[in-house]
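Asker: Pasting a structure below so you can have a look.
The values are calculated or read from the model by the stated rules, or taken from the named source; none is laboratory data. Note that the structure is a prediction, hence the values are computed from the model and not measured. Because the Cβ atoms are built from the backbone with ideal geometry, glycine has one as well, and the counts that use them run over all protein chains shown. In case anyone asks, the SASA skips ligands and DNA or RNA and just uses the protein heavy atoms, side chains included. Shrake-Rupley method; radii C 1.70, N 1.55, O 1.52, S 1.80 Å.
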Amino acid sequence: MSTAALAADALTGRQAPEVAPPATTPRRRPRIQGATTEPLPVRACSGESLGRESTTTAVRRPSPQARRAAEVEAPALRLTRRGRMLLAVVSVLVFGSAVAVLGLRVAGVLQPGPDFSQTVPVQVAPGQTLWSIAQQTNPNQDPATVVEKIADLNKLSSPADITPGQTLQIPIAR
């Protein structure tokens with residue numbers, strides 16, 4: 001009988017007919033020659049031999065504080081073997097690339113700069129800056145390096161310390 005029919009019968013007050021479960025015969029086990037029909041002895045293992053507490057003692061349930069502490073101590077991320085390998089490879093790549101970049105930077109810094117062996121006197125014109133003078137006198141060099149050398153040779157505390165008509169010693173690179 002369907003559930004809807006049972007519900008309708010319950011509302012009208014009628015009783016559903018009792019249905020007996022189908023009669024089943026017990027399953028037969030195959031007989032093995034030489035085997036006894038006695039049940040095999042069962043050995044119970046208390047776990048004490050394995051280093052566990054006995055199950056005969058009362059079951060202890062952890063306190064709410066202990067449960068919270070266990071939840072806090074649980075690791076947030078569990079890595080598989082493949083995940084650990086991937087993390088190691090990525091770490092090595094990042095570290096290796098950082099070493100390579102720093103090595104190239106150091107190698108670039110340690111290269112000798114321009115050789116300023118000669119100096120030429122130049123009179124500063126109105127509107128000229130050390131930068132423009134450095135670009136005019138040493139067009140193939142980095143102006144920042146030349147400006148620094150000009151300031152060192154002429155004992156200038158800042159590039160703004162020049163005045164029109166002043167004569168400066170300008171280094172010339174070979």
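Asker: Go through segment 148-163 and report how many residues are within 15 Å of residue 138 (Cβ to Cβ) and among the hydrophobic types (A, V, I, L, M, F, W, C).
Answerer: Number satisfying all stated conditions: 3.
Asker: Sticking with this one: Between residues in segment 145-174 that are in contact (Cβ under 8 Å) with a residue 24 or more places away in the chain and residues that are open to solvent by 70 Å² or more (accessible area, probe 1.4 Å) and of a type in the set (Val, Ile, Thr), which pairs lie under 6 Å by C-beta distance while being six or more apart or on different chains?
Answerer: 169/119; 171/119
Asker: If you take the residues of segment 118-148 that are in contact with a helix residue (DSSP H, G or I) (Cβ under 8 Å, 6 or more places away or on another chain), under 12 Å from residue 171 (Cβ atoms) and hydroxyl-bearing (Ser, Thr, Tyr), which of them is surrounded by the most Cβ atoms within 10 Å (Cβ to Cβ)?
Answerer: Checking each candidate, the answer is 137.
Asker: Check off (1) over 46 Å from the mean Cα position of the chain (by Cα); (2) surrounded by 13 or more Cβ atoms within 10 Å (Cβ to Cβ); (3) not in a helix (DSSP H, G or I) for residue 151 and give me the number that stays unchecked.
Answerer: That leaves (3) as the condition not met.
Asker: Can you go through 74, 98 and tell me which one is at pLDDT below 90, of a type in the set (Gly, Ala, Ser) and either open to solvent by less than 90 Å² (accessible area, probe 1.4 Å) or touching a strand residue (DSSP E or B) at 6+ places or on another chain (Cβ under 6 Å) (or both)?
Answerer: Working: 98 fails: at pLDDT below 90.
That would be 74, the only listed residue that is at pLDDT below 90, of a type in the set (Gly, Ala, Ser) and either open to solvent by less than 90 Å² (accessible area, probe 1.4 Å) or touching a strand residue (DSSP E or B) at 6+ places or on another chain (Cβ under 6 Å) (or both).
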